[in-house]
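Below you'll find the structure, written out as structure tokens, and then a few comments.
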């Protein structure tokens, strides 16, 4: 319980630093393969690294976002190749919606579903792109890759890359992306 409170507290500090009311909570509960698919092009014009940095993702952890309370993209890996991406805007605070543009590439992508269902802009055997205008809802996408396979993620909010608003769990702690794009590698299949 103390560990969970520490994660929530650190997340609130992160949210305060960017003036957003985003609440993220890490719940309880490797291979280092490079995806053979196409690396998604970053969705912004900001400079990006030539090779996305690799970050470790803990399997079986959850992130909880309160729809409309803060802007962010939340990436989780359930294990066995199943990934979920969810996002929401700070509409309750700002009165405005956010446009999300999310791209993923992997060695393989199967079983892609999105919320809302018509938000998939493109999809192939190794990649996809989803766009939404999100307000007080929790939108997202879920999909499967080979167990333990990594993904390369890129995303923007209102046309801007905001790595500090991309959350995942690594080494038992809520972490933010160091850049856009990033390669997320499961700590175990």
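The values are calculated or read from the model by the stated rules, or taken from the named source; none is laboratory data. Just so we're clear, the structure is a prediction, and the values are computed from it rather than from any experiment. Positions of Cβ are generated from backbone atoms using ideal geometry, with glycine treated the same way; all protein chains shown enter the neighbour counts.
Numerical summary
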quantity	calculated
Residue 53 vs. criteria closer than 22 Å to residue 151 by Cβ, surrounded by fewer than 17 Cβ atoms within 10 Å (Cβ to Cβ), touching a strand residue (DSSP E or B) at 6+ places or on another chain (Cβ under 8 Å) and modelled with pLDDT of 95 or more	yes
Filtered residues of the range 56-69 (kept if part of a loop (DSSP other than H, G, I, E, B) and either out of contact with any helix residue (DSSP H, G or I) (no Cβ under 7 Å at 6 or more places or on another chain) or modelled with pLDDT under 95 (or both))	58, 60, 61, 62, 64, 65, 66, 67
Which listed residue, of 112, 63, is under 16 Å from the mean Cα position of the chain (by Cα) and crowded, with 18+ Cβ neighbours inside 10 Å	63
Residue identified as within 21 Å of residue 58 (Cβ to Cβ) and assigned to a loop (DSSP other than H, G, I, E, B) among 108, 146, 164, 142	146
Criterion violated by residue 106 - all others in (1) surrounded by fewer than 19 Cβ atoms within 10 Å (Cβ to Cβ); (2) more than 13 Å from the chain's Cα centre (by Cα); (3) under 15 Å from residue 182 (Cβ atoms) satisfied	(1)
Filtered residues of the range 149-161 (kept if more than 17 Å from residue 89 (Cα to Cα) and either out of contact with any strand residue (DSSP E or B) (no Cβ under 6 Å at 6 or more places or on another chain) or not in a strand (DSSP E or B) (or both))	149, 150
